[in-house]
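No lab work stands behind these numbers, since they all come straight from the coordinates. Predicted, not measured: the structure shown is a model, and the values here were computed from it. Note that each Cβ is placed from the backbone with ideal geometry, even for glycine, and that neighbours are counted across all protein chains shown.
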Amino acid sequence: MTEEKMRFEAEVSRLLDIVVHSLYSNKDIFLRELISNASDACDKLRYEAISNPDMIAGDSEFKIRLMTDNVRNVLTIIDNGIGMNKADLVENLGTIANSGTAKFVEAMTQAKDAKKSVDLIGQFGVGFYSAFMVANKVEVITKKAGDSQAWKWTSDGKGEYTVAETEMDGRGTQITLHLNDDSKDFTEEHRLRHIVKTYSDHIGIPVVLMKGDGDDETLNEASALWTRPKSEITPEQYTEFYKHSSHAFDEPWKTIHYQAEGAIEYTGLLYIPTMRPFDLYDPARKGHLKLYVRKVFITEGADELLPPWLRFVSGVVDSQDLPLNVSREMLQDHPLLTKIKNGLTKKLLSELESSAKKDIEGYNTFWEAFGSVVKEGLYEDYTNRDRILKLARFKSSTVDGWTSLEDYVSRMKEGQKAIYYISGEDVDALRRSPQLEGFDAKGVEVLLLTDPVDEFWMPSVGQFDEKDFKSVTRGGADLNDVKADDSDADKKDDADDKPVSDAELDTLIAAIKIALGTNVKDVRESDRLTSSACCLIADESDMDLRMERLMKQHNRVDDVSTRILEINPKHSLIKKLSDMAKADAKAAILGDAALLLLDQARILEGEALPDPVAFARRLDLVMEKGLGA
Ligand SMILES: Nc1ncnc2c1ncn2[C@@H]1O[C@H](COP(=O)(O)OP(=O)(O)OP(=O)(O)O)[C@@H](O)[C@H]1O
């Protein structure tokens, strides 16, 4: 028998080193991982056998068996699942295939201290390789369903493994663990019974403890968890199933277990996580919900099952009505599946709606994690747009935490016609935007949008409750129509606050326009500024200022439009400039001041200056004059 020696991929060696040397206190999880792999292998074969029943002929009862030998200190886990051929072995047990595990190695490399590493192992679970927590040698004997050749994989977890041809009755995988000195008690029956009950009770396949006397004992419930009555399932079992089926390590925020009856029948066991799955922002936008047909696993993460904006939902849907021989390809456009998808979406929407009312804090935390993904539904899921819009939460200029649009509307001022918003990269910077000053002064609330997805849905949604969304960086501010509260800052102007007269302002504006030329689209008096001298806005017909910039960053527009410069006639600098313009509209300093005002507005906007050298020169000049005066 020829034996081939191979080296683990560098990442695996690193992982094994961590696993073997960690003093992780909960070693029990190795069994959970191996049983979970065995159960996945049975699920895979069950699916293959739908179109090719010969694959399981003569051995159609799936089973996971545990065999112990407390003389040789050996524990063996045997399944009659799909098995592996040589290429599978090298691919699966020589590299890190699972992206969660890859992330784990990355996190471990960063976590230098031992305590952190231990916590991380507990959270992630490291799949097959966790066997090396308890074993100093692992042998895998496996035969792929339909093949005649079996293979043996052996390793002591120290950088190398061997693969050789071997003999095996039937198909499947046997994993033999030669237990290390600290782990000998994993041959004890009561220990195994306890571990299987704790971690693997929900597995739909029997986990059987083989006893010498032939009186074998099934250790788990062995019925798929979702098929059991809710009253018989403990919260711990629900959580364990979530972790198993979603490869997750957080606690689910919501567990929704229900039976849809009527025109279509299916069972849903849906989980909404508390933490974002690793791949939430992957371009593939793949989901995690598994589809079963009468307890047979069909596929995972199909778009046909849940819309991408709900891709963070995991769990299981088991249909009574779909044909068992439905292939993954046939799922597309299957009318029954479309109905299930609509049913699931409605169910999740109503769960979210009720949580948003009853558990405000929990809902806000959910929104913090998943809001940016849910908002994708605003432009992709026209049917549910209004419900999603009501579920959406926003940061705003006048309230702390999150607010809904309904609450925003209830706080709108007399005369306020639109729902105002401003978009940018972070809430704090947005709060300081000059464009907000006039709104703040009148107590008018402005939504602060910071998710890139906002640039997509905002233009396509346009309205809520018949009120237009309007950017405060665009067009006229319409603040004159809004009635100020008594308490608001917009009281009668005192002497100092008196604006420049209209005629004087016109002269100044004309002088600035000449100085700025085509650098601006227009120069206007502002009613949105109170303390800043100037700001930039976009024309009514142009895109929102910040959205346009974001789109430019993402190469979605070639160039940004020319802006409008607004000046604040109550500002002392503008008053001084106006006096100057009145005396000599052609004074050279006016031209420099106009260009400085424009650059200042650009800086406030977070935009790059087209000519920083000229800016510095002008600033020097003006400062020198100021200091000399
Ligand atoms: N008992 C088994 N039968 C068939 N294939 C197996 C078995 N155990 C492991 N494998 C194969 O080896 C791969 C790697 O297993 P491993 O446990 O490391 O990762 P995983 O199962 O993909 O992820 P995780 O364990 O984190 O859920 C599996 O994806 C599977 O293809």
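So the values come out like this:
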| quantity | calculated |
| --- | --- |
| Relative packing of peptides 248-261, 193-206, 550-563 - highest average C-beta neighbours within 10 Å first | 193-206, 248-261, 550-563 |
| Neighbour-limited loop hits for trypsin sites (Lys or Arg not before Pro), segment 10-101 (at most 12 other Cβ within 10 Å; DSSP other than H, G, I, E, B) | Arg72 |
| Under-5 Å amide H pairs with Val293, H placed in peptide plane, nonlocal only | Ile298, Ser319 |
| For segment 36-50, 3J(HN,Hα) per residue [Karplus equation, 6.51 cos²θ - 1.76 cosθ + 1.60, θ = phi - 60°, Hz, x = Gly/Pro] | 5, 5, 5, 5, 4, 5, 5, 4, 4, 5, 4, 5, 4, 6, 4 |
| Ranked by how many other beta carbons lie within 10 Å on average, peptides 306-313, 216-223, 451-458, 331-338 from highest | 306-313, 451-458, 216-223, 331-338 |
| Spin-label pair Glu236/Glu189, simplified geometry with 7 Å Cα→Cβ offset, distance in nm | 2.2 nm |
| Only Lys, Arg (+1) and Asp, Glu (-1) charged, at Cβ; segment 495-628 dipole about Cα centre in debye | 260 debye |
| Relative contact order, percent, the chain [alpha-carbon distance under 8 Å, six or more residues apart] | 8 percent |
| Amide H partners (placed H, <5 Å) of Lys137, local residues excluded | His178 |
| At most 12 other Cβ within 10 Å, DSSP loop - trypsin sites (Lys or Arg not before Pro), segment 573-629 | Lys586 |
| Calculated [θ] (222 nm, deg cm²/dmol) that DSSP helices of n ≥ 4 give over the chain, each run adding -39,500 (n - 2.57) | -11500 deg cm²/dmol |
| Placed amide H near Val446: partners under 5 Å, 5+ positions off or other chain | Ser397, Thr398 |
| Extended-chain gain in nm, criterion 0.36 nm per residue less alpha-carbon gap, Asp506 and Ala583 | 26.4 nm |
| R0 of 45 Å, Cβ-Cβ distance Leu336-Glu167: FRET efficiency to nearest 0.05 | 0.50 |
| Val613-Asp451 FRET efficiency (beta carbon distance; Förster radius 35 Å; 0.05 resolution) | 0.45 |
| Proximal lysines to Lys582, defined as alpha-carbon separation beneath 16 angstrom and excluding residues fewer than eight positions away on the same chain | Lys513 |
| Partners for Lys152 among lysines (Cα-Cα distance below 28 Å; same-chain residues under 8 apart left out) | Lys5, Lys27, Lys44, Lys63, Lys86, Lys137, Lys143, Lys144, Lys184, Lys211 |
| Flagged links, alpha-carbon separation over 22 Å, of Lys586/Lys625; Lys358/Lys467; Lys290/Lys346; Lys254/Lys358 | Lys358/Lys467 |
| Phi-based couplings in Hz for segment 206-216 (Karplus 6.51, -1.76, 1.60; Gly and Pro marked x) | x, 9, 10, 8, 7, 10, x, 7, x, 8, 5 |
| Within segment 375-441, GluC sites (Glu not before Pro) in DSSP loop having at most 11 other beta-carbon neighbours inside 10 Å | Glu414 |
| 15 Å Cα-Cα reach of Lys576 towards aspartates and glutamates, excluding residues that sit fewer than 8 places from it in its own chain | Asp496, Asp497, Asp502, Glu504, Asp506, Asp584, Asp592 |
